[in-house]
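Below is one structure, written out as structure tokens; the observations come after it.
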There are 2 protein chains.
Amino acid sequence: MVVKNISVLGSTGSIGVRTLDVIEKNRSRFRVIGLTANKNIDLLEVQIKKFNPRLVALMDEQKADQLKKRVKGCKVYGGLEGIVKVATSEEVDLVVLAIVGGRVLIPLIEAIRCKKDIALANKETMVMAGHIIMSLSLENGCKVIPIDSEHSAIFQCLDGKDTHYVKGIILTASGGPFLDRADLEDIKPSEAILHPNWQMGKKISIDSATLMNKGLEIIEAHHLFGVPVDKIKVVIHPQSIIHSMVEFVDGTLLAQLSQPDMQIPISYALTYPERIQNTVPELNMLEIGKLSFREPDLSRFPALGLAITSAHIGGSMPVVLNATDEVAVEKFLGGEIRFQEIPILIKKVMDKHQVIENPGLSEILEIDKWARLEAEKGL
Amino acid sequence: MVVKNISVLGSTGSIGVRTLDVIEKNRSRFRVIGLTANKNIDLLEVQIKKFNPRLVALMDEQKADQLKKRVKGCKVYGGLEGIVKVATSEEVDLVVLAIVGGRVLIPLIEAIRCKKDIALANKETMVMAGHIIMSLSLENGCKVIPIDSEHSAIFQCLDGKDTHYVKGIILTASGGPFLDRADLEDIKPSEAILHPNWQMGKKISIDSATLMNKGLEIIEAHHLFGVPVDKIKVVIHPQSIIHSMVEFVDGTLLAQLSQPDMQIPISYALTYPERIQNTVPELNMLEIGKLSFREPDLSRFPALGLAITSAHIGGSMPVVLNATDEVAVEKFLGGEIRFQEIPILIKKVMDKHQVIENPGLSEILEIDKWARLEAEKGL
């Protein structure tokens, strides 16, 4: 068995920790070359002792200096350039991108330029610059394997199949914690981060509650699989067992099902095209009993509608959607705006934006910055 | 596009007619080389005029003589050797095996020996001699593509994937017309042939009502996909939307879904690995609303239990199961035995059988004959 050399960007986050769990259970398959974190040096120190990476980086430069004094046997970098170093080091085969948000776009692009395969758990970068990421990965002959459960499902259904025969994609959505809550006023951040089926980070949990997450996934799927936006449908499936489906021209749908446990898409992205045994309980269809489906209610969850609008407009609009959503979610978590004001703030900034078709990387970064500043102004 | 030359064995039956429908809608892809029927010369004559096959055969020799006088431009054969001629003619690329029952085993074996790809709508031959059929097809480098909706589903889920990672198979079953009927006494043949979701021939409709059909499918799947019998589970799924699922070692299930319309598996078997557009209405998950799953009740449907027992015993026992079932179904349709006596008759003959491990073709044909004679004796 060839050992795969891996760098995990965002190793102390929710997906990063689970990625290292999978690696730990399969030590003979993987070697950890690099780890990066934002500023959680305590957990990072524990991970360093366990996995002996050669390269480590912290986004926070001060924390990087602190860590240097604590650990031996590895090089510790600080800042975005440090993250890039860990992502692009020559011996790395696969980069796991487990950092949330658009700030990781540069390390991602640099990793692809260095011909690294990517296990992608970050959707914001695809929303911002999917056209650039996909054409670069094609150019450099490297794979982009999604970790997002929905996109992993689609990737698995398509595996080896000619996309020429794809008619559409059905993205399933749990509907989030407020699917059946009559009143969406006065929702507290502590309620919104409690997802019914998945344990996830804060940002993605709030995005699931507003259904923005599903909107970002439409844009992500569009780029990853080259399927037109209007061929991507969202269906509410509260059990989170079918993780998405691909529709073919002959009337067939292929679906991927599993327990809602990120171990499965993570291990698949790490081992593709192989599969390894996981410690997830067996999916017993008899115990599950039924799977249900219904339409998303865009009037109650306008963030999804905004994302669909932005996907149809295309060009630089998804950059604005994404940046503003990140700021709006932070403002909601910080108590500055209410739950239902998240889409209002996003719409306000989208309305101000002059769309650029097919934006380049520097334009994307500029628009991202502009949108964040606009969003910071608040309602 | 390379035109595929096709012989349809059993062209006047339920699957045969639908196969020709698909071919008619895609004339540029296919050429009909041969057609065969049992004795329905009226329909066969219509089909000959429409598709201009070069070769025709009727199982019934007298009917063959009658047809000869009616049609021009094609060679008309009679009897089993005639069927073999149509199946093995040099120019044929793909043989569609749409004849029900074990009597078509010889033409199937001969077609494989002549390196024809097989689109298989007959499960009895696989139950009788799956080990021989699969090893012969491997030897001759020809494909056996299932048309049965369940096996087509499994084939589609596995497509291109290493079966090394397969953990098991979940065969879905509609449960047939009597799934929720309290009293299975006094069932009339006219009730038993009414399947809730599928339009099918009589034999397979009765087998669906007793759940024997699902039992035969376990044995078929075991041979087709090389999966051990104890890794194949049956789940009742009354909506007949998920046609079967494959379970992988990592906890993933892949499922194939479609409207319950044989056009889909037929066209897939004809065009594999390509797909063509069908005239089946789109599968709308929102309209379907829910998919449900429950355990089969072996006490109410003992035929399924007998099939599972026979699959576990293996060797020549499935030959006896299959032959006796064919006779028992005929006896039921003819009013000789009652619905609930079908499994009783099968068990009676199974109990008498001395199992031969790994039977050869002549032994299979002998045991088949013996079991039919035993079954003919009745209860």
Query raised in the report: What is the antiparallel percent of DSSP beta bridges lying wholly in the protein assembly as shown, to the nearest 5?
Result: 30 percent
Report summary line: Sequence order, segment A:9-18: Karplus ³J(HN,Hα) from phi using 6.51 cos²θ - 1.76 cosθ + 1.60, θ = phi - 60°, Hz rounded, Gly and Pro as x, gives 8, x, 6, 9, x, 4, 6, x, 4, 5
Report summary line: For segment B:311-357, listing GluC sites (Glu not before Pro) in a DSSP loop whose Cβ sees at most 15 other Cβ atoms within 10 Å gives B:E336, B:E357
Report task. For segment B:222-321, count the residues as N, evaluate 2.2 N^0.38 Å, and divide the Cα radius of gyration by that value, please. Result -> 1.31
Query - Which listed pairs, of A:K231/B:K167; A:K203/B:K167; A:K188/A:K290; B:K123/B:K347; A:K167/B:K50, have C-alpha distances above 24 Å, in listed order - result: A:K231/B:K167; A:K203/B:K167; A:K188/A:K290; A:K167/B:K50
Query raised in the report: Can you give the accessible area per residue of chain A, in Å², using a 1.4 Å probe?
Result: 39 Å²
Query raised in the report: With charges only on Cβ, +1 for K and R and -1 for D and E, what is the dipole size of chain B about its Cα centre, in debye, rounded to 20?
Result: 1200 debye
Requested in this report: Would you kindly give the portion of the calculated P(r) for segment B:290-342 that falls above 18 Å, as a percent of all Cα pairs?
Outcome: 45 percent
Query raised in the report: Leaving out ligands, DNA and RNA, what percent of the accessible area of the protein assembly as shown is carbon and sulfur, probe 1.4 Å?
Result: 50 percent
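Just the number, please: Stokes-Einstein D of segment B:166-224 in µm²/s, Kirkwood Rh from C-alpha pairs, 37 °C, 0.692 mPa s.
265 µm²/s
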Query - Pair B:L286, A:Q66: separation of 7 Å Cα→Cβ label points (nm) - result: 5.1 nm
Query raised in the report: DSSP beta bridges in chain A, what fraction antiparallel, as a percent rounded to 5?
Result: 25 percent
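To the nearest 100 Å², how much accessible surface do chains B and A cover up together, summed over both, with a 1.4 Å probe?
For chain B against chain A, roughly 3600 Å² becomes buried.
What dipole magnitude, in Debye to the nearest 20, does segment B:41-113 give about its Cα centre under +1 on Lys/Arg Cβ and -1 on Asp/Glu Cβ?
Value, rounded to 20: 300 debye.
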Query raised in the report: In Å, the Kirkwood hydrodynamic radius of segment A:1-57 over pairs of distinct alpha carbons?
Result: 11.1 Å
Query raised in the report: Shortest first, in nm, what separates the label point of A:P196 from those of the same position in the other copies (7 Å along Cα→Cβ)?
Result: 2.6
Report summary line: If amide H atoms are modeled at 1.01 Å from N in the peptide plane, then the residues at a separation of 5 or more from B:A173, or on another chain, having amide H under 5 Å from its own are B:V235, B:I236, B:H237
Report task. Decide, for the protein assembly as shown, between rounded, prolate and oblate: order the square roots of the alpha carbon gyration tensor eigenvalues as a ≥ b ≥ c, take rounded if a/c falls under 1.5, and otherwise choose prolate if a/b is larger than b/c, else oblate. Result -> prolate
Query - Computed over segment B:4-146, Kirkwood Rh from alpha-carbon pairs, angstrom - result: 14.7 Å
Report summary line: With B:G378 itself left out, Lys, Arg at +1 and Asp, Glu at -1 over residues whose Cβ is under 10 Å from its Cβ give -1
Query raised in the report: Considering only protein heavy atoms, what is the solvent-accessible area of A:H131 at a probe of 1.4 Å, reported in Å² to the nearest 10?
Result: 60 Å²
Query - Globularity index of segment A:28-77, i.e. its alpha-carbon radius of gyration over 2.2 N^0.38 Å - result: 1.04
Query - Cut-off 11 Å between beta-carbons: net charge of the residues surrounding B:I112, Lys and Arg +1, Asp and Glu -1 - result: +1
**Report entry** Surface/4 estimate of mean projected area, convex hull on alpha-carbon atoms of chain B, nm²
**Finding:** 18.5 nm²
Query raised in the report: Which distances, in nm and shortest first, link the A:G226 label point to the same label point in every other copy, taking 7 Å along Cα→Cβ?
Result: 3.2
Report task. Enumerate the calculated ³J(HN,Hα) couplings along segment A:81-93 in order (Karplus 6.51 cos²θ - 1.76 cosθ + 1.60, θ = phi - 60°), each rounded to whole Hz, writing x wherever the residue is Gly or Pro. Result -> 5, x, 4, 4, 4, 5, 6, 10, 3, 3, 6, 6, 8
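The values are calculated or read from the model by the stated rules, or taken from the named source; none is laboratory data. The structure presented is a predicted model; accordingly, all values stated were derived computationally and were not measured. Reconstructed Cβ throughout: ideal geometry from the backbone, glycine too, with neighbour counts over all protein chains shown. These accessible areas exclude ligands, DNA and RNA; they are computed on the full protein's heavy atoms, side chains included. Shrake-Rupley method; radii C 1.70, N 1.55, O 1.52, S 1.80 Å.
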